[in-house]
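Working notes, beginning with the structure itself.
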Amino acid sequence: MTGSSAASRTHSSVLDALGRRITSGDLPAGAVITLAAIEAETGTSRTVAREAVRVLESLGLVRSRRRVGITVQPRSTWHVLGAETIRWTLDGPLRRAHLVELMELRAALEPVAARLAAQRADGTQRAELVRLATELDRLGRAGRGDSPEYLQVDIDFHTLLLASSGNALYAELAGPVREILVGRTRRGLTPADPAPGTLGAHLAAARAIARGDGADAERNVREHIAIVTEELSEA
């Protein structure tokens, strides 16, 4: 292991440890920490501690002020759609509540993205959405809904769905959606046998987009997200 890679791993571990402590509430809003305390607790250098704090500050989790220290900020200031923030929150006691919040966001946006995709997607995108939905159906019916292969195809499908809307702001949400899908799978919340209706909804939405039927595409994506949200609520 080179010195730079070791330093990178140290930085990541310190950042993750602090991020998880804040998002779990172990370090509540208003708590004040110092670089010296981070050094002492983690056994790392001042440079590593400072860099970790800089990332946390960019995500809105802390605020650094001279003669005050590093103050943990309330959740209302966090960049809750940041990949790191999502991962840390899903590792803590707010996991289920945060997943439901994220699914509510998807429910507000992805059905509309599907309707727009039916109007705006090009031929290649339409064909690829059908291919991905067909592959999801094959893997799901084989009881591989919790497999890495299913996860990757699911990520590819929803990423392309958002991009095919032709709206750059929707496409930007591909990152948070990926974290939701990865987080569910890694934490054992994605069943090997997908809930009844989800595979069919994927296929029906893709085929509706392919033929330019925006209303049907929107309805089927809304149905899929409703099923998954209910599944998470009952898990």
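Just so it is clear, none of the values below were taken in a lab; they were calculated from the coordinates. If you're wondering where the values come from, they're calculated on a predicted model, not measured in any experiment. Neighbour counts run over all protein chains shown; Cβ positions are idealised from the backbone, glycine included.
See the values below:
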| quantity | calculated |
| --- | --- |
| Structure-based [θ]222 nm, the chain - -39500 (n - 2.57) summed over DSSP H runs of at least 4, per residue, nearest 500 | -23000 deg cm²/dmol |
| Environment charge at Glu39 (Cβ cut-off 13 Å; Lys +1, Arg +1, Asp -1, Glu -1) | 0 |
| Stretch gain in nm, segment Ser24-Arg138, where the contour uses 0.36 nm per residue and the Cα spacing is subtracted | 37.2 nm |
| Cα-projected label distance for Thr42 with Glu101, points at 7 Å along beta-carbon direction, nm | 2.3 |
| Relative intensity, log₁₀ I(q)/I(0), of segment 3-77 from a Debye sum that treats every alpha carbon as a point, q = 0.11, 0.13 Å⁻¹ | -0.24, -0.34 |
| Three-way shape label, segment 161-228, alpha-carbon gyration tensor, a/c 1.5 | oblate |
| Overall Cα dimensions of the chain - principal axes, largest extent first, Å | 62, 38, 33 |
| Over segment 94-234: Rg over Rh, Cα atoms, Kirkwood Rh | 0.93 |
